1. Taking R0 as 35 Å, what FRET efficiency do you get between residue 114 and residue 88 from their Cβ-Cβ distance, rounded to the nearest 0.05?
2. What is the distance, in nm, between label points placed 7 Å from the Cα along the Cα-to-Cβ direction at residue 76 and at residue 104?
3. For the range 98-198, state which GluC sites (Glu not before Pro) are in a DSSP loop and have at most 13 other beta carbons lying within 10 Å of their beta carbon.
4. What distance in nm lies between label points placed 7 Å from Cα along the C-beta direction at residue 177 and residue 39?
5. Please report, as a whole percent, how much of the solvent-accessible surface of the range 64-141 comes from carbon and sulfur atoms (probe radius 1.4 Å).
6. Percent of alpha carbon pairs in the range 26-182 separated by more than 29 Å?
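The values are calculated or read from the model by the stated rules, or taken from the named source; none is laboratory data. Just so you know, these numbers come straight off a predicted model, no measurement behind them. Glycine also receives a Cβ, built like all others from the backbone with ideal geometry; neighbour counts cover every protein chain displayed. These area figures cover heavy atoms from the full protein model, side chains too; ligands, DNA and RNA do not enter into them. Shrake-Rupley method; radii C 1.70, N 1.55, O 1.52, S 1.80 Å.
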Amino acid sequence: MINWRRDSCGRRDLLRATLLAPIGVASAGLGSAWAQPAAPAALACAGASPAETEGPYFKPQSPERTTLIEPGMAGTKLILTGYVLSAACKLIAGTLLDFWHADEHGAYDNAGYRLRGHQFTDEQGHYVLETILPGVYTGRTRHIHVKVQPQGGRLLTTQLYFPDEPRNTRDSLFQPKLLIALRSDPMAKLGRFDFVVA
Ligand code: FE
């Protein structure tokens, strides 16, 4: 079920928490318990996703993979899914998504590529990332870094945030527009975020 609300500009905006569709289709590496969520309605792409600073821990040439979970890795499992859309609300296939984030203790792997990986949206503009909830570190709330670039398009560097985090209001980089819609499942935290790129 999709609910709607009106934002301060009067546009209808998705009440994103209700968009986390039950998951049922096999996605690469995720097993059969997970499904592709419903594609966003056209009204979902009101305004581009804001850019944010890259931060000091980006590393180029991450491995191509949809799961960042490795054997023995501790933490709470997170399945993040969503779509990449153009400002004209078109789903964009083949878009590069390069994710990186801290481990459960708030540390980045700057020597290797632990919790770093890139992938491309499928024919429907959809992506799935399997990872763990990032830990927090001094001065920051919980976040995931990401670079998003459609083929031949402009690069968006930004960060995604988690709801109900006590540090959100104290982190000057935090932006509500970059909040993941999150719900808990017995197997994992399930997140949804749709990127809108210029
Ligand atoms: Fe960071």
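1. In this case the efficiency is close to 0.40.
2. A separation of 1.1 nm, rounded to one decimal place.
3. 123
4. If labels sit at residue 177 and residue 39, their model points lie 2.4 nm apart.
5. Summing carbon and sulfur atoms, their accessible area is 55 percent of the total for the range 64-141.
6. Counting pairs separated by more than 29 Å, the tail of P(r) holds 14 percent.
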